[in-house]
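*Asks:* One structure coming up, written as structure tokens, with questions to follow.
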Amino acid sequence: MKRFLSLVMMLVMLLAVTPLDSQAQVSQSSLKAAKARAKELKKEKWYCEDNKTLEEALVYMAEKEGQGYRVIIGTAYGIDNQNDANFDARDDAYQKVGELGKSVIKGRIASNRQKRNDKTSRNSEAAYDRNLVRELEGVMDAPYLTIYREKNGNFDCRIYYVVQSTLIDKAIQKAEDNALKEVENAQKYGESIDNFISGSNNAD
């Protein structure tokens, strides 16, 4: 009986320790990769204007990714004004998040054969883009890190957002739902006008 209890205790200890060990290994490899990337960025003449160092920032983001956060990077290159480079990089980050949901939007539109046409698809994607920007304004209000590089009088910019994955997924879902409602309402409104015009013509 004592031997059996000892074996059980050993198994419990192994189950408890192994995940921690593997997590520590993943953490260490992410840490090394973040530090190596920081060195590369420095060699490429990237710099940040706030109080963070590149190494500290990249290590922090690697740790957050390990905790289930999503790091979204927006980029802009060869812009003649630093503020414009910043703006373009932010816009690029929003677009990258938007691409995560566009395939879903197309699939949901295509699933209804009566609505499967290019015009409806374009309208739904435009409505999705508008709604997503509105939803992301609260989720991606401020980047965690912004870095610049100047080359021949022009600026490159990279913006890093650290966002909870669940918040991104919710924003995409809400934007999809609102976009489809907008398109459906527009179609219903258009149909009612067509019916009214057809009725008026028939009356004549």
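Any read-out appearing in this document is the output of simple, stated calculations on the displayed coordinates, not a laboratory observation. Only a predicted model underlies this, so the values are computations on that prediction, with no experimental measurement involved. Here the Cβ is made from the backbone with ideal geometry for all residues, glycine too, and neighbour counts use every protein chain on show.
*Asks:* Using the beta-carbon distance between K43 and D177 and R0 = 41 Å, what value does 1/(1 + (r/R0)^6) give for FRET efficiency, to the nearest 0.05?
*Replies:* Once rounded, the FRET efficiency stands at 0.35.
*Asks:* For E150 and S29, what is the calculated FRET efficiency with R₀ set at 41 Å and r taken between the beta-carbons, to the nearest 0.05?
*Replies:* Step by step, r from the Cβ atoms, then E = 0.80.
*Asks:* Tell me the label-point distance for the pair A142, Q82, using the 7 Å Cα-to-Cβ offset, in nm and rounded to one decimal.
*Replies:* 1.9 nm
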